[in-house]
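K.L.:
Got a structure for you, questions after.
The values are calculated or read from the model by the stated rules, or taken from the named source; none is laboratory data. What you see is a predicted model, and the numbers here were worked out from it, not measured in a lab. Cβ placement follows ideal geometry from the backbone for every residue including glycine, while neighbour counts extend to all protein chains displayed. To get the accessible areas, we keep the full protein, side chains included, count just its heavy atoms, and leave off ligands, DNA and RNA. Shrake-Rupley method; radii C 1.70, N 1.55, O 1.52, S 1.80 Å.
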Amino acid sequence: MESNESQWPLWEVFTQEDGGAPHEHAGSVHAADAEMALQNARDVYGRRGKVVSVWVVPSDQITASQSEWAGPFFDPGADKAYRHPQFYKIPRGLKGF
Amino acid sequence: METPQTEHTEETLNAAFEARIAAGDTIEPKDWMPERYRSQLIRMMSQHAHSEIVGMLPEGNWITRAPSLKRKMVLLAKVQDEAGHGLYIYCGTETLGIDRAELVDQLLTGKAKYSSIFNYPTLTWADIGVIGWFVDGAAIVNQTVLAKASYGPYARAMIRICKEENFHKKQGYEIVATLANGTPEQKAMVQDAVNRWWWPSVMMLGPSDTNSPNTAELIRWRVKRKTNDELRQRFIDLTVPQADAVGLTLPDPDLKFNPEKQGYDFGQIDWDEFWQVVKGNGPCNRERLQARRDAHEDGRWVREAAEAYSAKHSRTEQSSAA
């Protein structure tokens, strides 16, 4: 047994279920190439027939935000209450706006 | 992008982490976490993943001898699910910064543990029914709670598993019910399987709270939300009426409903047996590890061939692009 054997690269898997849902991160698989990554993703994350589409992306190709930035990075989304409908007043008693 | 210039000492980071845990936040892979949280999760999650993988062996033993084509297809699908469950959890464990190859190596060298239950033999077809009913039943009790674990990738793997696991329990219980309603020999066979699997299944939920060094810490970090003894009680309370419904007896004369606690009292657990099996002296420990080592070695040429094929392809693509 050799612990230094090389490992197939890691791929992130995104699956789409039927009914028009968006692709959603399901998990990851190891595979030697993209074709095998798709097949492995189908076997691991699509065994129950609901999946209609799969994306696989080499894990090292994903750029992600850092969690320590979370405050400042997403700040512009938090301080604009006027982006939400609750910010606005409509006449009382009006039904079915 | 610049990181905000705040002084992050280990102490302030730790305090912030504990506050997030206390607030019920989900911890994600890129979040700061204490090394101890990381190492405890790696230990717990990899043990769980190994259990799914080794768990294929006792059931795989009966695939070629399933009594009908239907039962054979079901068992194949279940065993394939177990492989998938192992992979979900390995993938979650890798987000903690450890390679699956290293985890598998820990299993094959005997450094890592897996669930003690899979070191018992499957002697008859009835064992396959009882495993689905008891072992998957106990696993569901445990995993339903772990689906709320504080570490996001673990919780998400558990949600995925729980959605699939009910089929496992139900197909097992159906086998049990069929045999229990069959010929006297079939009923005797399934009662014998129940007698052999009951106590190991009760033990499978882990050492008693008084003797479980990791529990307090894991509960505080909301990795575990219930103690081993609480999970055990829940498993027993769920299972007793299911045994009654098919006319089978659980091998514990002390098993009796206690209206005060609204649950069943049960007899003494033989913890010596449990620790013997954990330490490697169960009936099948050596056989299970050897089977995993053989499978790993037998698959080596496939891994190497796929790698060579991929390397050759990328060379061809490069030269045709040039």
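Quick grid of which residues meet (1) of a type in the set (A, V, I, L, M); (2) buried (at least 21 other Cβ atoms within 10 Å of the Cβ); (3) within 23 Å of A:V44 (Cβ to Cβ); (4) in contact with a helix residue (DSSP H, G or I) (Cβ under 8 Å, 6 or more places away or on another chain):
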| position | (1), (2), (3), (4) |
| --- | --- |
| B:W62 | no, no, no, yes |
| B:K72 | no, no, yes, yes |
| B:L96 | yes, no, yes, yes |
| B:T109 | no, no, no, no |
| B:K113 | no, no, no, yes |
| B:I140 | yes, no, yes, yes |
| B:A155 | yes, no, yes, yes |
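For (1) surrounded by fewer than 16 Cβ atoms within 10 Å (Cβ to Cβ); (2) aliphatic (A, V, I, L, M); (3) at pLDDT 95 or above, each residue gets a yes or a no:
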| position | (1), (2), (3) |
| --- | --- |
| B:Y151 | no, no, yes |
| B:G172 | no, no, yes |
| B:A193 | no, yes, yes |
| B:W197 | no, no, yes |
| B:T210 | yes, no, no |
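K.L.:
Still on this model: Among the residues of the range A:8-28, which ones are more than 15 Å from the chain's Cα centre (by Cα) and buried (at least 16 other Cβ atoms within 10 Å of the Cβ)?
P.N.:
A:W8, A:P9, A:L10
K.L.:
Against the definition (under 30 Å from A:A31 (Cβ atoms) and charged (D, E, K, R)), how does B:D298 come out, yes or no?
P.N.:
Criteria met by B:D298.
K.L.:
Please find, among B:E102, B:E82, the residue that is within 14 Å of another protein chain (Cβ to nearest Cβ), within 21 Å of B:G206 (Cα to Cα) and either open to solvent by less than 30 Å² (accessible area, probe 1.4 Å) or outside any loop (DSSP other than H, G, I, E, B) (or both).
P.N.:
On the way: B:E102 fails: within 21 Å of B:G206 (Cα to Cα).
Just one listed residue meets the conditions, B:E82.
K.L.:
If a residue must be assigned to a helix (DSSP H, G or I) and without any contact (Cβ under 8 Å) to a residue 24 or more places away in the chain, how many such residues does the range B:44-76 contain?
P.N.:
Summing the residues that are assigned to a helix (DSSP H, G or I) and without any contact (Cβ under 8 Å) to a residue 24 or more places away in the chain in the range B:44-76 gives 8.
K.L.:
A follow-up question, please. Return yes when B:K261 is within 30 Å of B:L108 (Cβ to Cβ), more than 14 Å from chain A (Cβ to nearest Cβ), of a type outside the set (S, T, N, Q) and not in a helix (DSSP H, G or I) and no when it is not.
P.N.:
no
K.L.:
Let me ask another. In the range B:302-322, which residues are assigned to a helix (DSSP H, G or I), farther than 26 Å from B:E59 by Cα and either basic (K, R) or more than 10 Å from every other protein chain (Cβ to nearest Cβ) (or both)?
P.N.:
Within the range B:302-322, B:K312, B:R315, B:T316, B:E317, B:Q318, B:S319, B:S320, B:A321 qualify.
K.L.:
Select, from B:G206, B:G182, the only residue that is out of contact with any Leu (no Cβ under 7 Å at 6 or more places or on another chain), open to solvent by 20 Å² or more (accessible area, probe 1.4 Å), of a type outside the set (S, T, Y) and without any contact (Cβ under 8 Å) to a residue 40 or more places away in the chain.
P.N.:
On the way: B:G206 fails: open to solvent by 20 Å² or more (accessible area, probe 1.4 Å).
Result: B:G182 is the single residue among B:G206, B:G182 that is out of contact with any Leu (no Cβ under 7 Å at 6 or more places or on another chain), open to solvent by 20 Å² or more (accessible area, probe 1.4 Å), of a type outside the set (S, T, Y) and without any contact (Cβ under 8 Å) to a residue 40 or more places away in the chain.
To keep it simple, each residue is scored yes or no on (1) of a type in the set (A, V, I, L, M); (2) modelled with pLDDT of 95 or more.
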{"site": "A:T15", "(1), (2)": "no, yes"}
{"site": "A:G46", "(1), (2)": "no, no"}
{"site": "A:V56", "(1), (2)": "yes, yes"}
{"site": "A:Q61", "(1), (2)": "no, yes"}
{"site": "A:A64", "(1), (2)": "yes, no"}
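K.L.:
Could I ask something else about it? In the range B:257-293, what residues are of a type in the set (A, V, I, L, M, F, W, C) and within 30 Å of B:M56 (Cβ to Cβ)? Please lay out each step first, then the result.
P.N.:
Restricting attention to the range B:257-293, the residues satisfying the condition of being of a type in the set (A, V, I, L, M, F, W, C) are B:257, B:266, B:269, B:271, B:274-275, B:277-278, B:284, B:289, B:291.
Across the range B:257-293, the qualifying residues are B:F266, B:I269, B:W271, B:F274, B:W275, B:V277, B:V278, B:C284, B:L289, B:A291.
K.L.:
Take B:N258 and decide whether it is open to solvent by less than 70 Å² (accessible area, probe 1.4 Å) and touching a strand residue (DSSP E or B) at 6+ places or on another chain (Cβ under 7 Å). Write out each step before concluding.
P.N.:
On the way: open to solvent by less than 70 Å² (accessible area, probe 1.4 Å): yes; touching a strand residue (DSSP E or B) at 6+ places or on another chain (Cβ under 7 Å): yes.
Considered against the rule, which asks whether it is open to solvent by less than 70 Å² (accessible area, probe 1.4 Å) and touching a strand residue (DSSP E or B) at 6+ places or on another chain (Cβ under 7 Å), B:N258 comes out as yes.
K.L.:
Of the residues that make up the range B:176-183, is at least one assigned to a helix (DSSP H, G or I), among the small types (G, A, S) and modelled with pLDDT of 95 or more?
P.N.:
Yes, some residue in the range B:176-183 is assigned to a helix (DSSP H, G or I), among the small types (G, A, S) and modelled with pLDDT of 95 or more.
K.L.:
Pairs, please: C-beta under 9 Å, at least 6 apart or cross-chain, first residue free of Cβ contacts under 8 Å to residues at least 24 places away in the same chain and within 11 Å of chain A (Cβ to nearest Cβ) and in the range B:279-298, second open to solvent by 70 Å² or more (accessible area, probe 1.4 Å) and outside any helix (DSSP H, G or I)?
P.N.:
B:E297/A:M1
K.L.:
I'm trying to understand the selection: among the residues of the range A:1-54, which are under 22 Å from B:G152 (Cβ atoms) and among the polar types (S, T, N, Q)?
P.N.:
A:T15, A:Q16, A:S28
K.L.:
For B:I89, indicate whether it is open to solvent by less than 10 Å² (accessible area, probe 1.4 Å), of a type in the set (A, V, I, L, M, F, W, C), closer than 28 Å to A:S6 by Cβ and touching a helix residue (DSSP H, G or I) at 6+ places or on another chain (Cβ under 6 Å).
P.N.:
For B:I89, the condition - open to solvent by less than 10 Å² (accessible area, probe 1.4 Å), of a type in the set (A, V, I, L, M, F, W, C), closer than 28 Å to A:S6 by Cβ and touching a helix residue (DSSP H, G or I) at 6+ places or on another chain (Cβ under 6 Å) - is met.
K.L.:
Continuing with the same structure: Among the numbered conditions (1) within 14 Å of chain A (Cβ to nearest Cβ); (2) in contact (Cβ under 8 Å) with a residue 12 or more places away in the chain, tell me where B:W125 comes up short.
P.N.:
Failing condition for B:W125: (1).
K.L.:
Continuing with this model, one more query. Kindly state which strands (runs of 3 or more DSSP E) lie completely within chain A and contain at least 1 residues that are within 11 Å of chain B (Cβ to nearest Cβ) and closer than 30 Å to B:K312 by Cβ. Please lay out each step first, then the result.
P.N.:
Details: elements: A:10-17, A:24-30, A:51-58.
Of the strands (runs of 3 or more DSSP E) lying wholly inside chain A, those with at least 1 residues that are within 11 Å of chain B (Cβ to nearest Cβ) and closer than 30 Å to B:K312 by Cβ span A:10-17, A:24-30.
K.L.:
Can you name every residue in the range B:22-41 that is open to solvent by 30 Å² or more (accessible area, probe 1.4 Å) and part of a helix (DSSP H, G or I)?
P.N.:
Within the range B:22-41, B:A22, B:E35, B:R36, B:R38, B:S39 qualify.
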